[in-house]
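S.K.: Sharing a structure here in structure tokens format.
What follows draws every value from the coordinates through simple rules; no lab data is involved. It should be emphasised that the depicted structure is a prediction, and the values quoted were computed from it without experimental measurement. Here the Cβ positions follow ideal geometry from the backbone for every residue, glycine too, while neighbour counts run over all protein chains shown.
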Amino acid sequence: GWRSRAAFKLIELDERFHLIRPGMKVVDLGAAPGGWSQVLVKRGATQVVGVDLLPVEPVAGAQIIEGDFTDPEMAGRLTTMLGGRADMVVSDMAPNTTGHAPTDHIRIIGLAEEALHFSFEILAEGGTFVAKVFQGGAEKAMLDTLKQAFAQVRHAKPPASRKDSAELYVVATGYRPKRLEAAA
Ligand code: SAM
């Protein structure tokens, strides 16, 4: 069985957008307790590396790093482990909530933006970025960056995501690093 309810969200996103392809190299940010990593392996990704601050029970077919993805050495470590850049970066990360809605909102967006910039360091051209965002979706600034860096940007709320939660996922495909460089 799946280790998390969250596993169904990735399954539903994959069913809708056909994200996971056999042979893929994927980085799973915020992997604990391991549900998304299980889904990635099961759906044919050949190399999966999960990263989390918390320990994760071993996932057959995946590698796990216990650490903070913002660690300056993380990108290098991941590309070494994968033997090159990743085809997809997925992030189901959520910060610890304070209960103060505006603060929580800012933290969640901040984390998603950091995950996006991290993905620029490790994604291969044509790659995919999936991340949890909230409410109206990505903030304007993040959305502008996404649109510049990816051929297609969509938002989705998978049915497994509770209706009363403000959670939403951004699905960006067709990473184009050259467009990003030209704009910089
Ligand atoms: N997708 C997972 C699954 O299916 O099992 C559930 C992920 S859970 C909702 C979010 C995770 O993000 C938490 O385990 C948390 O520790 C992790 N996280 C938050 N900030 C992080 C960071 N800076 N680096 C690594 N992991 C982080």
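S.K.: If you restrict to DSSP beta bridges whose two residues both lie in the chain, what percentage is antiparallel, to the nearest 5?
M.R.: Values: 12 of 31 bridges.
Looking only at bridges with both residues in the chain, the antiparallel portion is about 40 percent.
S.K.: Let me ask something else about it. Based on DSSP loop calls and a cut-off of at most 11 other Cβ atoms within 10 Å, the longest stretch of the chain free of exposed trypsin sites (Lys or Arg not before Pro) is what?
M.R.: Value returned for the longest uninterrupted segment is 6-161.
S.K.: If you scale each eigenvalue of the Cα gyration tensor by 5 and take the root, what three semi-axes come out for the range 6-183, rounded to whole angstrom and sorted largest first?
M.R.: 22, 20, 17
S.K.: Going down the list 132/163; 157/178; 147/178; 42/163; 25/147; 9/163, which pairs span over 20 Å between their C-alpha atoms?
M.R.: Numbers: 132/163 15 Å; 157/178 30 Å; 147/178 13 Å; 42/163 27 Å; 25/147 23 Å; 9/163 13 Å.
Distance filter (> 20 Å) returns 157/178; 42/163; 25/147.
S.K.: Moving to a separate point now. Taking H as built 1.01 Å from N, whose amide H comes closer than 5 Å to the amide H of residue 133, not counting residues under 5 places away?
M.R.: Under 5 Å from the amide H of residue 133 lie the amide H atoms of 168, 169, 170, each far enough along the sequence or on another chain.
S.K.: If you stretched the chain out fully between residue 114 and residue 42, how much longer would it get, using 0.36 nm times the residue separation minus the C-alpha to C-alpha distance?
M.R.: Stretched out fully, the residue 114 to residue 42 stretch lengthens by 23.2 nm.
S.K.: With unit charges on the beta carbons (Lys and Arg positive, Asp and Glu negative) and the dipole taken about the Cα centre of the chain, which residue among 80, 35, 102 sits farthest to the positive side?
M.R.: 35
S.K.: Label the range 50-153 by shape, choosing from rounded, prolate and oblate, from the square roots a ≥ b ≥ c of the eigenvalues of the Cα gyration tensor; if a/c is under 1.5 it is rounded, and otherwise prolate applies when a/b is larger than b/c, oblate when it is not.
M.R.: It comes out oblate by the Cα gyration axes.
S.K.: Further question: How big is the Cα convex hull of the range 1-84 in projection, averaged over all directions, in nm²?
M.R.: 5.3 nm²
S.K.: How much FRET efficiency would the formula 1/(1 + (r/R0)^6) give for residue 18 and residue 100, where r is the Cβ-Cβ distance and R0 is 45 Å, rounded to 0.05?
M.R.: 0.70
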